[in-house]
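Worksheet: the structure to be examined is printed underneath.
The values are calculated or read from the model by the stated rules, or taken from the named source; none is laboratory data. On a predicted model such as this, the values are computed, not experimentally measured, just so you know. Cβ placement follows ideal geometry from the backbone for every residue including glycine, while neighbour counts extend to all protein chains displayed.
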């Protein structure tokens, strides 16, 4: 088993696809998808362990406690379109499912251990990525988070959560340094600069997306976000 794992968290339609009737879906959470695809290709080429961790609920009884207290609607219900991964796992990838926020709720411990490194991708930096990274740190697992491979529902939440993660439990990096072979976490962004770099990237993705019209599909959104890469 590789000492480095790429763990992609909650890249599912109920969190990204506003064309679905999901209260948790935001187009902004899809900003990371093009970079996640690039990161997956890189990780497989490097022989890293690739793990997709999704959320899956069989009934409202498995929702997090506060959701149950509030009577919130069920999401990522097993067998529904909303539970589908947006980026399809490949045959050698591992797929795990959780009902709470941290990826370790999905038995991620079976694939990583103390001394390993996890490169995190997916959504969202102020919720499941955050809970997962703190759990990893308690297990003495190194956290590396590429700015462009994660996202959140707003610029403010994205910037603040990445800054907090960088201060406490993770090396925040730019994905291009990783893809260029400059090392995992060897070019971590200075803590004082994380917030601004996060804001700049988020706002750049927002400009690419523009204002999707009613009826816009997730596929159309991803085509807009993929446009710069396709033009190269």
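What about residue 85, is it touching a residue at least 12 places away in the same chain (Cβ under 8 Å), surrounded by fewer than 19 Cβ atoms within 10 Å (Cβ to Cβ) and either within 24 Å of residue 178 (Cβ to Cβ) or in contact with a helix residue (DSSP H, G or I) (Cβ under 9 Å, 6 or more places away or on another chain) (or both)? Yes: the conditions hold for residue 85. Where helices (runs of 4 or more DSSP H) fall wholly inside the range 101-185, the ranges with 1 or more residues that are touching a residue at least 60 places away in the same chain (Cβ under 8 Å), within 17 Å of the chain's Cα centre (by Cα) and closer than 23 Å to residue 84 by Cα are 128-138.
Within the range 66-100, restricting attention to residues that are in a strand (DSSP E or B) and under 21 Å from residue 5 (Cα atoms), the residue that is nearest to the chain's Cα centre (by Cα) is 85. Scanning the range 17-44 for residues that are out of contact with any helix residue (DSSP H, G or I) (no Cβ under 8 Å at 6 or more places or on another chain), within 17 Å of residue 84 (Cβ to Cβ) and assigned to a helix (DSSP H, G or I) gives 37, 40. Out of 223, 196, 208, one residue alone is in a helix (DSSP H, G or I), touching a helix residue (DSSP H, G or I) at 6+ places or on another chain (Cβ under 7 Å), surrounded by fewer than 19 Cβ atoms within 10 Å (Cβ to Cβ) and modelled with pLDDT of 90 or more. It is 208.
Residue 64 meets the conditions (1) touching a strand residue (DSSP E or B) at 6+ places or on another chain (Cβ under 6 Å); (2) surrounded by fewer than 23 Cβ atoms within 10 Å (Cβ to Cβ); (3) over 28 Å from residue 182 (Cα atoms) in every case but one. The failed one is (1). Tell me, yes or no, whether the range 146-161 has at least one residue that is surrounded by fewer than 17 Cβ atoms within 10 Å (Cβ to Cβ) and closer than 24 Å to residue 13 by Cα. Looking for residues that are surrounded by fewer than 17 Cβ atoms within 10 Å (Cβ to Cβ) and closer than 24 Å to residue 13 by Cα, one finds at least one in the range 146-161, hence yes.
The listed residues are 106, 78, 73, and the only one of them that is crowded, with 23+ Cβ neighbours inside 10 Å and over 26 Å from residue 177 (Cβ atoms) turns out to be 106. Being free of Cβ contacts under 8 Å to residues at least 40 places away in the same chain and either surrounded by fewer than 22 Cβ atoms within 10 Å (Cβ to Cβ) or in a helix (DSSP H, G or I) (or both) is not true of residue 14. For residue 28, the requirement of being more than 24 Å from residue 159 (Cβ to Cβ) and at pLDDT 95 or above is not met.
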